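What follows is calculated from the coordinates using simple rules that are stated; it is not laboratory data. Everything numeric here is computed off the predicted structure, so don't read it as measured data. All Cβ positions, glycine included, derive from the backbone under ideal geometry; neighbour counts span all protein chains shown.
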Amino acid sequence: MALTKEQFITEFKDMALKLYAAPIEDLSSQQLYQALALLTRSYIAQPWADTKERYDEEETKQVFYFSIEFLPGRLLQSNLLNLGILDEVEAGLEELDLHPQKIFAAEADPGLGNGGLGRLASAFMDAMASVGMAGNGNGIRYQYGLFKQAFVNGYQVELPDDWMRNGFPWETRKENRAVTVKFGGWVELRPSRSGHLRVIYHNTDDVLAVPYDVAMVGYHNGVVNNLRLWSAEAPINAGPHFTLEQRERINQITQILYPDDSDNAGKELRLRQEYFFTSAGIQSIVRHYRRTHNSMAGFADRVAIHINDTHPAMAIPELMRVLMDDEHVGWDEAWRITLKVMSYTNHTLLSEALEVWPIDMFSGLLPRIYQIVQEIDRRFRLAFVPQFGQAMIDRIAPLGNGQVRMAYLATIGSHAVNGVAPLHSELLKKDVLHDLFQIFPERFNNKTNGITPRRWIQIGDRPLAHLLDKKIGTAWRQNPLALRKLHDYIDDTRFLADLNATKAENKRELAKYIDQTVHVKVDPDAIFDVQIKRLHAYKRQLLHLLGILDAYLAIKRGEKRPKRLHIFGAKAAPSYVYAKEIIKVMNAVADMVDSDPEVSPYLQVVFLPNYGVSMAEKIIPAADISEQISTAGKEASGTSNMKLMSAGALTLATLDGANIEIKNAVGDDNIEIFGLTEKEIAGYYQRGDYRSRDFYEKDPRLHAVLDMLVNGKIPGIETEGRDIYNALLMYNDEYFVLADFESYLAANARLDKLYQQPELWAKKALVNIAESGRFSADFTVQRYGREIWHVIPQTPEDDGSDTEA
Ligand code: OAK
């Protein structure tokens with residue numbers, strides 16, 4: 001849109017006055033933020049309405065991305081950027097003597113997700129709008145987001161994240177679009193005179209699902225899509241017998257986000273949440289469709305529904321329910337429609353994260369849905385036992401072992417199933433969904449994850465963005481593949497120096513931020529070595545920690561090495577004791593290193609509390625090294641690896657998830673690979689001959705490091721150090737930390753050496769930035785659009801540099 005600075009100033013002052021009856025000089029940053037957000041929203045309103053109208057008029061096929069998590073990050077700056085008015089607004093604010101960054105920082109992060117899965121969902125929302133695809137989100141409006149993490153005496157403490165305290169100016173309550181979701185009770189099936197089955201519900205608990213819509217603004221294209229977040233409320237005519245307690249129980253459904261990202265949170269409330277937003281979404285999609293169509297026959301040509309991991313997998317029986325019970329479609333036709341509409345992405349191979357529900361709980365809470373799942377199960381068995389045998393079908397039918405098995409249900413009820421990086425997609429076929437792959441090989445495919453360079457470079461890394469503009473023009477802002485132009489400057493000494501200078505500037509900024517937030521002074525000339533992601537044993541923050549202890553001991557012995565600052569950001573699930581123990585030890589090591597004058601000139605460790613999207617925007621531009629060191633075969637894809645690469649950080653990685661894609665993109669010389677491969681690890685599993693103790697006994701450096709966990713050298717970690725020591729040695733080191741220790745150290749030594757040659761380092765950084773464009777989520781959603789959803793996006797063109805399995 002077009003907006004001059006002068007126009008903006010007038011409208012902004014006007015909005016502030018209307019809202020606060022005060023001149024802008026008297027307003028707090030929070031108030032200025034509110035005024036600016038509302039003004040921005042007013043700019044979004046028309047294109048939002050127009051987009052909706054156009055989709056309806058043109059009968060555009062629409063995608064509905066169902067996800068129990070969304071992690072959009074702050075929206076003000078990204079909305080201004082995408083509207084194309086960020087520069088004018090910033091100039092206007094500056095003219096008013098205001099600080100744009102301060103105002104942007106007043107926005108609370110909507111923490112409606114745990115990690116990768118939620119962030120990916122939001123990247124896809126941004127990407128779908130930006131490529132002009134009709135893509136809607138469907139999720140939950142949690143009143144409290146992921147907990148706020150604090151450290152007390154080095155221990156993680158979880159505080160409530162009251163993110164809506166000051167309101168959420170981006171949402172629009174649509175009470176006219178509310179639907180009712182039914183729980184519990186029992187169902188009666190009664191044949192009606194017209195021959196249809198009538199389904200009569202008795203004694204149900206009804207919940208009103210009220211949607212709150214959030215605009216998803218496309219980049220410079222006038223498209224505004226919709227993210228619909230559902231809130232649970234008491235039914236409007238609940239009657240005089242409706243108690244406060246009942247009301248409270250309903251409100252609970254959308255009160256908190258489960259702070260577990262790789263665990264199957266087996267709680268009834270979680271099941272309620274899943275059905276709540278799934279049913280509400282399906283009902284509202286069908287209702288909207290039926291306003292302009294008098295039958296459901298063409299539904300699958302207009303609607304694609306994507307199931308983001310299994311949390312919304314009930315979309316399958318729920319759509320069957322609506323088609324059959326409300327729309328009177330027969331089973332076969334309903335199943336044909338459902339299969340055509342649904343697709344499913346798996347985001348983890350960890351067995352503890354595969355969702356299953358006890359049949360008792362499931363059937364009690366969702367009696368009608370359970371009947372439908374039983375029928376899906378019955379028909380599946382009928383169809384495939386003859387060819388594949390009872391034993392195999394028993395293993396993978398939706399019902400088995402007294403459980404509803406959501407990944408199997410999702411696979412059976414979808415026409416497409418994908419993993420999120422080639423290795424992951426292969427392992428799905430080989431292990432977790434192997435039997436289903438035998439039956440439905442054509443459904444399986446890979447869609448490598450992506451990120452949005454708009455947020456990570458254009459907003460997060462302004463110095464780099466400006467440098468790129470100067471050198472290769474601004475085309476990369478529209479089409480990130482244009483970053484490849486950078487290759488032309490691989491020998492441009494001036495440019496390489498500029499690249500390093502940009503990184504140095506970002507590091508100084510981060511150093512300031514660290515000082516402000518945790519009151520620690522860090523040396524901006526150190527190597528910034530970053531590991532930012534959820535805390536999980538398989539992600540092996542512990543391996544990084546053992547590396548730090550090795551460096552500590554080496555420095556104590558008098559070894560000189562370039563100074564390294566290790567930066568961690570990670571939340572541990574509140575119930576995940578081992579992960580929390582690692583945090584405690586990490587913090588203790590940080591203190592130990594910091595208080596040792598012999599060591600602190602060469603080594604520093606900072607664990608930043610409360611890592612989230614906004615913090616990532618500060619850390620990533622300053623990173624020199626990106627630690628992606630999961631046990632091979634465990635990390636489905638990873639996406640921080642892509643973000644850090646796009647900021648020119650060198651990846652220190654195992655051959656896992658999308659690290660393999662990064663390696664293929666940049667070439668072996670521009671990434672630091674170490675450790676066991678997935679095949680080697682599978683070999684250990686098969687033979688059963690991994691003995692972690694052998695590594696401990698053979699390698700004196702490892703020996704010394706592990707002993708530090710239990711010999712009292714690190715103050716205050718008696719219990720935690722012992723537990724970790726035991727996990728590694730007595731319980732045989734489930735994640736092969738000890739096996740990879742030596743090669744991890746060697747890789748680090750190579751990086752230390754490389755850092756002595758700034759120009760060579762800059763060349764490698766350049767290649768990483770240049771090749772990061774392929775990981776733009778714009779391309780990822782276009783692949784989904786072409787190959788899974790069958791919607792036709794317009795711009796920009798994919799170059800076909802696909803990374804399919
Ligand atoms: C969360 C809950 C259940 C299952 C998986 C997750 C999850 O966040 N998985 C992560 O998804 C990301 C996006 O696909 C991947 O990049 C991560 O590797 C994966 O752990």
**Message:** Stokes-Einstein diffusion coefficient for region 606-749 at 20 °C in a medium of 1.002 mPa s, Rh from the Kirkwood formula over Cα pairs: what value in µm²/s?
**Reply:** 127 µm²/s
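Per DSSP H run of n ≥ 4, the term is -39500 (n - 2.57); total these for the chain, divide by its residue number, and report the mean residue ellipticity at 222 nm rounded to 500 deg cm²/dmol. If you can, show how the numbers build up before the last one.
Values: 32 runs with 371 residues, N = 805.
Per the formula, -14000 deg cm²/dmol.
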**Selection from ILE282, TYR258, LEU271, by position along the positive dipole direction of region 251-290 (Cβ)** = ILE282
**Equivalent ellipsoid semi-axes - Cα gyration tensor, region 31-102, angstrom** = 30, 16, 10
**Request:** With no solvent and one equal point scatterer placed on each C-alpha of the chain, evaluate the Debye formula and give log10 I(q)/I(0) for q = 0.08, 0.09 Å⁻¹, two decimals.
**Result:** -0.70, -0.89
**Request:** Just order 695-708, 399-412, 450-463 by mean Cβ neighbour count inside 10 Å, highest at the front, would you?
**Result:** 450-463, 399-412, 695-708
**Fill in**
Expected vector for region 259-276, Karplus 3J(HN,Hα) from phi with 6.51, -1.76, 1.60 and θ = phi - 60°, integer Hz, x for Gly and Pro, equals x, 10, 10, 9, 10, 8, 6, x, 10, 4, 4, 5, 4, 4, 4, 4, 5, 4
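Restricting the count to DSSP beta bridges whose residues both fall in the chain, what percent are antiparallel, rounded to a multiple of 5?
Working: 34 of 78 bridges.
If we restrict to bridges inside the chain, about 45 percent are antiparallel.
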**Item:** From phi via Karplus (6.51, -1.76, 1.60), per-residue ³J(HN,Hα) for region 29-39 in Hz, x at Gly/Pro
**Value:** 4, 4, 5, 4, 4, 4, 5, 5, 5, 5, 4
**Prompt:** Can you pick out the pairs among LYS340/LYS447; LYS521/LYS584; LYS174/LYS447 whose Cα atoms lie more than 25 Å from each other?
**Reply:** LYS174/LYS447
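Based on alpha-carbon atoms only, what is the radius of gyration of region 1-147 relative to the globular estimate 2.2 N^0.38 Å?
On the way: Rg = 16.9 Å, N = 147, 2.2 N^0.38 = 14.7 Å.
Expressed relative to 2.2 N^0.38 Å, the Cα Rg reads 1.15.
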**Item:** Cα extents of region 673-727 along the three principal axes, largest first (Å)
**Value:** 39, 22, 20
**Complete:** Any residue on another chain or 5+ positions along whose placed amide H is under 5 Å from the amide H of VAL404 is listed here as TRP357, ILE359
**Prompt:** Regarding region 245-327, what are the three Cα extents along the principal axes, ordered largest first, in Å?
**Reply:** 41, 32, 17
**Item:** Whichever lysines have a C-alpha closer than 21 Å to that of LYS580, once near sequence neighbours (fewer than 8 apart) are set aside
**Value:** LYS148, LYS533, LYS539, LYS571, LYS634, LYS713
**Fill in**
Whole-Hz Karplus couplings 3J(HN,Hα) for region 182-199, θ = phi - 60° and coefficients 6.51, -1.76, 1.60, Gly and Pro as x, run 9, 10, x, x, 8, 10, 10, 9, 10, x, 9, 5, 6, x, 6, 7, 9, 9
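Highest first, please rank the peptides 232-240, 577-585, 519-527 by the mean number of other Cβ atoms sitting within 10 Å of their residues.
Values: 232-240: 12.8, 577-585: 20.9, 519-527: 16.0.
Highest mean packing first, the order is 577-585, 519-527, 232-240.
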**Asked** Measuring from centroid to centroid over Cα atoms, what is the spacing of region 92-133 and region 328-370 in Å?
**Response** 33 Å
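Which of the peptides 378-387, 146-155, 289-298, 271-280 is most tightly packed, and how do the rest follow, judged by the mean count of other Cβ atoms within 10 Å per residue? Each step should come with its number before you reach the end.
Working: 378-387: 14.0, 146-155: 16.8, 289-298: 11.7, 271-280: 25.2.
So the peptides 378-387, 146-155, 289-298, 271-280, ranked by packing, come out 271-280, 146-155, 378-387, 289-298.
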